[in-house]
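This report concerns only the one structure given below.
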Amino acid sequence: MFEGKVAVVTGGVRGIGKVICEEFAKAEAQVCTIDLLPNDYYVGDIADEQVLRDFAVKVLQDYGKIDFLINNACVSRGGIENSSYEDFLYVLRVGVAAPFMLAKLFKDHFNPGGVIINISSTRDRMSQPNTESYTACKGGIAALTHALAVSLAGKVRVNSISPGWIDTTGTQFESPDMAQHPAGRVGNPHDISAVVLFLCSDKAEFITGENITIDGGMTRQMIYHGDHGWTYSGK
């Protein structure tokens, strides 16, 4: 379906990003990934502007144009209890500033039908304690998505995906872990990659500026003490 298309994927060595790269390759796209970890295309830290510029130059020298930009890479460096100012800024550089800059560097080099997909998280609207760096980053990328969709209207469609609990380790989960999801199971990276490829296809040509939640229904389930076996025993 994507024969001859060029897909740029950040953070493509492990987890969700790895599966996205694999699925694009199976669909006969050319995949250009950038990651801190060793890979066969480009190794570098996307928190560094010059790295982003050098990476974009390589992609455009190799292929001239691109079709898809998947901003997947992100990190966490804790929150209010242990994140320094520099830690917090580093996470924002990786997860918000880098996607913005890559969109800027590639915006005039998309083939017709170009697509940007930003990987956000259900943490763009909910949190655990001491997760401010990651949560702020994911809220930022979700908002950046609709801003880019408007700015790039008529040139590039821009959408984001908010995964919930996605297991990247092949863990066998206990029944309560499964049952707390209305869908009846924990997610896996293929749940995300399938939607990425759909949003990049012609079937999604009327979808832009959207954030699609893929979490097995967890953020839709209301929780009350004593309801459906839920009990509160915290402070």
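The values are calculated or read from the model by the stated rules, or taken from the named source; none is laboratory data. Fair warning: this is a prediction, and the values are worked out from it, not measured in the lab. In this analysis, Cβ positions are derived from the backbone assuming ideal geometry, glycine residues included, and neighbour counts consider all displayed protein chains.
Per-structure values
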{"read-out": "So Asn211, is it surrounded by fewer than 20 Cβ atoms within 10 Å (Cβ to Cβ) and within 15 Å of the chain's Cα centre (by Cα)", "value": "yes"}
{"read-out": "Qualifying residue in the stretch 138-158 (condition: touching a residue at least 60 places away in the same chain (Cβ under 8 Å), in contact with a helix residue (DSSP H, G or I) (Cβ under 6 Å, 6 or more places away or on another chain), small (Gly, Ala, Ser) and closer than 26 Å to Gly79 by Cα)", "value": "yes"}
{"read-out": "Within the stretch 178-207, considering residues that are under 19 Å from Asn72 (Cβ atoms), polar (S, T, N, Q) and outside any helix (DSSP H, G or I), the one modelled with the highest pLDDT", "value": "Ser201"}
{"read-out": "Qualifying residue in the stretch 62-72 (condition: closer than 26 Å to Asn130 by Cα and assigned to a loop (DSSP other than H, G, I, E, B))", "value": "yes"}
{"read-out": "Scan of the stretch 16-60 for residues that are surrounded by fewer than 19 Cβ atoms within 10 Å (Cβ to Cβ), among the hydrophobic types (A, V, I, L, M, F, W, C) and either touching a residue at least 60 places away in the same chain (Cβ under 8 Å) or assigned to a loop (DSSP other than H, G, I, E, B) (or both), ordered by number", "value": "Ala27, Leu36, Leu37"}
{"read-out": "Those residues of the stretch 189-202 which are free of Cβ contacts under 8 Å to residues at least 60 places away in the same chain and either in contact with a strand residue (DSSP E or B) (Cβ under 9 Å, 6 or more places away or on another chain) or of a type in the set (Val, Ile, Thr) (or both), in sequence order", "value": "Asp191, Val195"}
{"read-out": "Only one of Gly154, Gly113, Gly78, Gly170 that is outside any loop (DSSP other than H, G, I, E, B), more than 17 Å from the chain's Cα centre (by Cα) and surrounded by fewer than 17 Cβ atoms within 10 Å (Cβ to Cβ)", "value": "Gly113"}
